[in-house]
Amino acid sequence: MSAPRVLYVLSRFPCYDEAFLLREIHAVAERLDTWVFSLRPSRDPVVHDEARALAPRTLSVAFLLSPRIVCAHLRLLRRGPRRYAVALGRLLAGNWRSPEFLLKNLAFFPKAGWLADWAMENGVTHLHAGWATYPASVALLVSDITGLPFSFSGHAHDIYLDTTQLAEKLRRAEFVTTCTASNAVYLRSLVPERAAESVAVVRHGINLSRFGRAPVGEPPLRILSVGTLHPHKGFAYLLDALQLLAEEGRDFHCTIVGGGPLEADLRRRAARAGLTGRVTLAGALAQADVISRYARSSVFVLMAQPEWHWGVPNVIVEALASGNAVVTTRFGSVEELIEDGVTGLLLPPRDPAALAAALRRLDGDEALRRRLAAAGRAIVAREYDLDRAVDWYVSRFGGQPA
């Protein structure tokens, strides 16, 4: 039997916002022959170190019908015209109810054919899609053409917003992983005929040793928030709460890490609120630099808006790993990790006054900050271990666990 060769299919690689997937893939690649296929080109200005390491094993092709794509499809038609036709027919049948999914999957079909040809020529043994939408569609297409087994991971919007062809993917995949228990219950309900273990909960793990312990008792209160600068991340509510604290004369400093379309607006909002010097918008940072920010903060805030959050944001896991006391909102599956008053504080989603009160409470109660931080770090150590997650994947991909 040949050694495993795994091919990951991702929407875009490298992707700054997907450090949680990158950690898993990089760790798997340290133990198995691993390649990555990116459906779309990446233009992110910040590239994490693990992505740079995987660059020589990252594949992509243009959308246009280049000679190498045409040649790949001709080879597929010579090898197995029936498989090719069945794959295309299943794509049409599975997506015709959603014009958007159908058109995008047809746009990706030339790339999928090239990837199928590459997979057969290069001895790929397993395909794994990082998302349940277009990456899983392409992995399913390649599987139909080549006969290779495929699997995929489902996380949040990709399994809840538009479920076109999701049930078929769940039936056809060798296995499916998701990062929360509530996601697993939902996905299993879509295909009750399959064994429950075909949808497995595999938490996005981290290497705890990389995350240093944050200072707890040193003034001023150091607050951190990390995320893309979109409305659903709730940074405006954070700034409103900080304005209330500043007007009381409280001593604090807040750092917001991340880039996005609201950056200029948030800078103006902070200046109008009199927060110049108290709030730093650091922009998008490489993972190593984000980790150092966690280590210099004692309280982590994420005012996530529930209409756009389903799972457990990985920045919360990272903050807990660093010994931060976490303040966040009630949404998605967050209560699988944050128990109010035990591993963090939970608030309503659009309530700056409630956030200001929580920060006041933490500022005045060092013992509470220490207790929340310790309990949070303990649950991350117990349930979000990267080695455990990688062992699971390596075993299912045909390798030997460490």
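Some values worked out for this structure:
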{"read-out": "The listed residue being touching a residue at least 24 places away in the same chain (Cβ under 8 Å), surrounded by fewer than 20 Cβ atoms within 10 Å (Cβ to Cβ) and assigned by TED's automatic domain parsing to the domain that holds Trp114, out of Val36, Val47", "value": "Val47"}
{"read-out": "Among (1) modelled with pLDDT of 95 or more; (2) surrounded by fewer than 16 Cβ atoms within 10 Å (Cβ to Cβ), the one test that Ala402 misses", "value": "(1)"}
{"read-out": "Residue match in segment 72-89 (condition: over 30 Å from Leu386 (Cα atoms), within 25 Å of the chain's Cα centre (by Cα) and not acidic (Asp, Glu))", "value": "no"}
{"read-out": "Condition met for Ala325 (more than 17 Å from the chain's Cα centre (by Cα), modelled with pLDDT of 95 or more, more than 25 Å from Arg52 (Cα to Cα) and buried (at least 22 other Cβ atoms within 10 Å of the Cβ))", "value": "yes"}
{"read-out": "Ser298 being farther than 30 Å from Ile159 by Cβ and either modelled with pLDDT under 95 or in contact with a Cys (Cβ under 7 Å, 6 or more places away or on another chain) (or both)", "value": "yes"}
{"read-out": "Any chance Leu355 is crowded, with 24+ Cβ neighbours inside 10 Å and in contact with a Phe, Trp or Tyr (Cβ under 9 Å, 6 or more places away or on another chain)", "value": "yes"}
{"read-out": "Residues satisfying the stated conditions in segment 115-149, i.e. of a type in the set (Phe, Trp, Tyr) and either under 24 Å from Ser98 (Cα atoms) or touching a His at 6+ places or on another chain (Cβ under 6 Å) (or both)", "value": "Trp131, Tyr134"}
{"read-out": "Residue within segment 247-257 that is modelled with pLDDT of 95 or more and under 20 Å from Phe20 (Cβ atoms) present", "value": "yes"}
{"read-out": "Test for Ala173: is it within 30 Å of Cys254 (Cβ to Cβ), outside the structural domain of Ser322 (by TED's automatic domain parsing) and in contact (Cβ under 8 Å) with a residue 24 or more places away in the chain", "value": "no"}
{"read-out": "Top-ranked residue in segment 1-22 [being touching a helix residue (DSSP H, G or I) at 6+ places or on another chain (Cβ under 6 Å) and closer than 13 Å to Gly205 by Cα; ranked as surrounded by the most Cβ atoms within 10 Å (Cβ to Cβ)]", "value": "Leu22"}
{"read-out": "Among the residues listed as Ala270, Ala288, Ala264, Ala304, the single one being at pLDDT below 95 and assigned to a helix (DSSP H, G or I)", "value": "Ala288"}
{"read-out": "Matching residues, segment 378-402, being more than 21 Å from the chain's Cα centre (by Cα) and free of Cβ contacts under 8 Å to residues at least 60 places away in the same chain", "value": "Ala378, Ser395, Gln400, Pro401"}
{"read-out": "Qualifying positions in segment 349-377 - outside any helix (DSSP H, G or I) and more than 28 Å from the chain's Cα centre (by Cα)", "value": "Gly364, Asp365"}
{"read-out": "Segment 149-164: number of residues that are surrounded by fewer than 22 Cβ atoms within 10 Å (Cβ to Cβ) and touching a helix residue (DSSP H, G or I) at 6+ places or on another chain (Cβ under 6 Å)", "value": "1"}
{"read-out": "Residue check, Ala236 farther than 30 Å from Gly274 by Cα, touching a helix residue (DSSP H, G or I) at 6+ places or on another chain (Cβ under 8 Å) and without any contact (Cβ under 8 Å) to a residue 40 or more places away in the chain", "value": "no"}
{"read-out": "Out of Asp251, Asp240, sole residue that is surrounded by fewer than 20 Cβ atoms within 10 Å (Cβ to Cβ), closer than 14 Å to Ala353 by Cβ and not aromatic (Phe, Trp, Tyr)", "value": "Asp240"}
{"read-out": "Subset of segment 17-49 [in a loop (DSSP other than H, G, I, E, B) and among the charged types (D, E, K, R)]", "value": "Asp17, Glu18, Glu30, Arg31, Arg43, Asp44"}
{"read-out": "Within segment 125-203, helices (runs of 4 or more DSSP H) holding 2 or more residues that are of a type outside the set (A, V, I, L, M, F, W, C) and closer than 26 Å to Phe108 by Cα", "value": "134-146, 157-160, 166-172"}
{"read-out": "Pairs, first assigned by TED's automatic domain parsing to the domain that holds Phe63 and outside any helix (DSSP H, G or I) in segment 87-108, second surrounded by 12 or more Cβ atoms within 10 Å (Cβ to Cβ) and acidic (Asp, Glu), C-beta under 8 Å, six or more apart", "value": "Ser98/Asp162"}
{"read-out": "Of all residues in segment 376-399 being among the small types (Gly, Ala, Ser) and buried (at least 17 other Cβ atoms within 10 Å of the Cβ), the one that is farthest from Phe331 (Cα to Cα)", "value": "Gly399"}
{"read-out": "Of residues in segment 273-285 being at positive phi and assigned to a loop (DSSP other than H, G, I, E, B), the one surrounded by the fewest Cβ atoms within 10 Å (Cβ to Cβ)", "value": "Gly277"}
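The values are calculated or read from the model by the stated rules, or taken from the named source; none is laboratory data. As the structure is a prediction and not an experimental result, all values here were calculated from the model. Positions of Cβ are backbone-derived with ideal geometry, glycine not excepted, and every protein chain shown enters the neighbour counts.
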